[in-house]
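Notes follow the structure.
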Amino acid sequence: MYNRLKTLYELQIIDNQLDVLEELRGDLPNAVNELQSRINGLRTQIEQKESEQKNSRSKIIENEDEVERLKNSQKKFKTQLYQVRNNKEYDALTKEIDHTEEQITKLEAENQALDDLEQKLKIDLQEILPQIELLKSELKVKETELKEIVKANEKEEAKLKTKRAEVEVNVKKPDYASYMRIRKAKGGQAVSTIRRSACSGCHNIVPPQRQFEIRQNRRIFNCEYCGRILVSAEIAGEVE
């Protein structure tokens, strides 16, 4: 059990050092991810607006072809008006002429709306493109800063990660699962020791009897206040 507790504390010490290196990066990783997300969002908007533009242009051309066809039909109907032999034929032709006129008016109105939409989309794209360039410039700065910090500590970080992997294989699976669960819940600190009769994690007093049991290193105890794993000062001293 002594080695089991010692290994957990060793793991905590290594993770503390890795956490310090992570903190040196500050908010840069989140800033980089956020900027990239915003750029991707704007690129998606551009794709959508360009697709709308393409569809609008296709529909305008389709409508123009239909208007041309209707105008030719209307011209033919008007020519036929001079050849009618009775009122019934005349009424039928005028009805066709009126109908084609309505269709032409409707298609021309639709094309005007589509043309207005195209202009709006064009303006939107002109506003979005500079935003992307600005964000890309900011992203480049943040990525450079982050790379410099990572590079400055990469050897130390690699060494710690190698050491962590060596220690981790000696941790029992249930212990590791418990350690990671507590670490996540307690901001990184899963294992604490007794200092001045208190848990070094939450600073609450540990009862004397429990302190005695912890010093015996015979089983794993958790702080009754914060839930962290408690190890004896003897183990902490040996590891540190």
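The values are calculated or read from the model by the stated rules, or taken from the named source; none is laboratory data. Model, not experiment: these values are computed from the prediction. In this analysis, Cβ positions are derived from the backbone assuming ideal geometry, glycine residues included, and neighbour counts consider all displayed protein chains.
Please go through the range 122-179 and give me each residue that is over 26 Å from the mean Cα position of the chain (by Cα) and among the small types (G, A, S), ordered by number.
Answer for the range 122-179, where residues must be over 26 Å from the mean Cα position of the chain (by Cα) and among the small types (G, A, S): A152, A158, A165, A177, S178.
Mind listing just one residue for me: the one in the range 158-180 that is assigned to a helix (DSSP H, G or I) and of a type in the set (A, V, I, L, M, F, W, C) and, of those, farthest from E22 (Cα to Cα)?
Within the range 158-180, the first condition is being assigned to a helix (DSSP H, G or I), and the residues that meet it are 158-168, 173-180.
Next, from what is left, pick out any that are of a type in the set (A, V, I, L, M, F, W, C): 158, 160, 165, 167, 177, 180.
On the way: A158: 13, L160: 12, A165: 18, V167: 20, A177: 22, M180: 17 Å.
The qualifying residue farthest from E22 (Cα to Cα) is A177.
Checking L129 against (1) in contact with a helix residue (DSSP H, G or I) (Cβ under 9 Å, 6 or more places away or on another chain); (2) aliphatic (A, V, I, L, M); (3) within 24 Å of R69 (Cβ to Cβ), which test does it fail?
It fails just one condition, (3).
Pairs only if they're at least six apart or on different chains, beta carbon under 7 angstrom, first in the range 86-100 and assigned by TED's automatic domain parsing to the domain that holds V67 and over 18 Å from V67 (Cα atoms), second of a type in the set (S, T, N, Q) and surrounded by 14 or more Cβ atoms within 10 Å (Cβ to Cβ); list them, first residue then second.
Cβ pairs passing all conditions: L93/Q80.
Six or more apart or on different chains, Cβ atoms under 8 Å: show the pairs whose first residue is in the range 50-64 and in contact (Cβ under 8 Å) with a residue 12 or more places away in the chain and buried (at least 16 other Cβ atoms within 10 Å of the Cβ) and whose second is among the basic types (K, R) and part of a helix (DSSP H, G or I).
Sorted first by the residue in the range 50-64, then by its partner, the pairs are Q53/K122.
Considering only residues that are surrounded by 17 or more Cβ atoms within 10 Å (Cβ to Cβ) and more than 11 Å from K142 (Cα to Cα), which ones fall in the range 27-42?
Across the range 27-42, the qualifying residue is only I39.
Taking the range 178-197 as the search range and keeping residues that are aliphatic (A, V, I, L, M) and at pLDDT 95 or above, which one is farthest from P29 (Cα to Cα)? Please lay out each step first, then the result.
Applying the first criterion (aliphatic (A, V, I, L, M)) to the range 178-197 yields 180, 182, 185, 190-191, 194.
With at pLDDT 95 or above added as a condition, the list becomes 180, 182, 190-191.
Working: M180: 22, I182: 24, A190: 24, V191: 27 Å.
Within the range 178-197, the match that is farthest from P29 (Cα to Cα) is V191.
Which numbered condition in (1) outside the structural domain of K142 (by TED's automatic domain parsing); (2) more than 30 Å from L139 (Cβ to Cβ) is the only one that R57 fails?
(1)
Name the pairs whose Cβ atoms lie under 8 Å apart, with the first residue in the range 210-238 and touching a residue at least 12 places away in the same chain (Cβ under 8 Å) and small (G, A, S), the second outside any helix (DSSP H, G or I) and surrounded by 15 or more Cβ atoms within 10 Å (Cβ to Cβ), and 6 or more positions between them or separate chains?
Qualifying pairs under 8 Å: G227/K186; S232/T193; S232/I194; S232/N217; A233/T193; A233/I194; A236/T193.
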